[in-house]
Amino acid sequence: MNLEEKNLITKIPKEVSYVTDTLEKAGFEAYLVGGCVRDLIMDREPKDWDITTSAKPDQIIGLFKKTVYENEFGTVMVIQENVSQETLRQIEVTPYRIEAKYSDFRHPDEVKFSDKLEDDLKRRDFTINAMAYRNGSITDMFDGLKDIKDKILKAVGDPDDRFREDALRMLRAVRIALQLGFSVSYESSESIFKNANLIKKISLERIRDEFTKIILSQNPSTGIVMLQKFGLLKNIIPELEEGIDCEQG
């Protein structure tokens, strides 16, 4: 899967390139990262655009006319008013990060900024979301390209670490696999089954959002089967679990 065939540069909107170009002209590294890179490679239209950079929040804010910075994780929203699509109005720009322990199984207790792209990529959820794109080349430290080709969803590094950091990732695994037509790797599947009870630590609102996307997918019944198989269904909608295999009279 070479870049000439995919020709990713032509698929990147000018509003996104403006943000990365501005950062690079100021002397910082700037990469497209996460789901938008995955979607570009798969010829899917990204729903949002994320950029990771060596710049720190104050430096990012100083480079753009309008920004919003209202979080503890370093993410600066770069606002552009005259855009070709509504999804380009807000571009998320986040410094390279190192995340510490997750006591609540959802948010890091502490966020530290890093100067290395590697630190940022290795904290991400799945290999296909841990690729970065810059100036015509992809940084793919965890074989995300191979996993796209093989249509398999794998956690980055140790699956137990990833799912204990953020238990919502277990539901995201089901949702992403359904949306892309992928299977979940054996190691990640075993880890989800082992850690399924941690989903109870997640707010009902976040669970609802992921579950809604699962049942609105093209294969909702497959999603329900996966949730049951992984031990998640009994922890989020036990009454639905009880109804499986019950025949109507």
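The values are calculated or read from the model by the stated rules, or taken from the named source; none is laboratory data. Since this is a predicted model, take the numbers as computed values, not measurements. Don't worry about glycine lacking a Cβ; one is built from the backbone with ideal geometry, like all the others, and counts go over all protein chains shown. Side chains are part of the model used for accessible areas, which takes the heavy atoms of the whole protein and leaves out ligands, DNA and RNA. Shrake-Rupley method; radii C 1.70, N 1.55, O 1.52, S 1.80 Å.
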Normalised per residue, the volume inside the convex hull of the alpha-carbon atoms of the stretch 107-232 in Å³ amounts to 119 Å³
Using DSSP to define loop residues, name the GluC sites (Glu not before Pro) in the stretch 166-216 whose beta-carbon has at most 14 other beta-carbon atoms within 10 Å.
none
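Can you check what the net charge comes to around V76, using other residues whose Cβ is under 10 Å from the Cβ of V76 (Lys, Arg +1; Asp, Glu -1)?
On the way: positive: K56; negative: D58, E70, E92.
In short, -2.
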Of all DSSP beta bridges with both partners in the chain, the antiparallel percent, nearest 5, is 75 percent
Between K112 and D48, with labels modelled 7 Å along Cα→Cβ, what's the label distance in nm to one decimal, could you check?
2.7 nm
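With a cap of 12 neighbouring Cβ atoms within 10 Å, and only residues DSSP puts in a loop, list the GluC sites (Glu not before Pro) found in the stretch 1-78.
For GluC sites (Glu not before Pro) across the stretch 1-78 that sit outside H, G, I, E and B with at most 12 neighbouring Cβ atoms in 10 Å, the list reads E70, E72.
Which of the trypsin sites (Lys or Arg not before Pro) found in the stretch 129-187 are loop residues per DSSP with 16 or fewer other Cβ atoms within 10 Å of their Cβ?
Values: sites: R134, K146, K149, K151, K154, R162, R164, R169, R172, R175; in loops: K151, K154.
Hits after loop and neighbour filter: K151.
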Using only the Cα atoms, what convex hull volume per residue in Å³ does the chain have?
138 Å³
Using each residue's phi in the stretch 120-132, evaluate 6.51 cos²θ - 1.76 cosθ + 1.60 at θ = phi - 60° and report the 3J(HN,Hα) Karplus result to the nearest Hz, with x for Gly and Pro.
6, 5, 6, 8, 7, 6, 10, 4, 6, 9, 10, 9, 10
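S17 to I79: extension gain in nm, 0.36 nm per residue of separation minus the Cα-Cα distance? Walk me through the numbers on the way to the answer.
Details: separation 62, 0.36 × 62 = 22.32 nm, distance 1.37 nm.
My answer for the length gained is 20.9 nm.
Per residue, how many Å² of accessible area does the chain show with a 1.4 Å probe? The partial results should precede the final answer.
Working: 13180 Å² over 249 residues.
Value for the chain: 53 Å² per residue.
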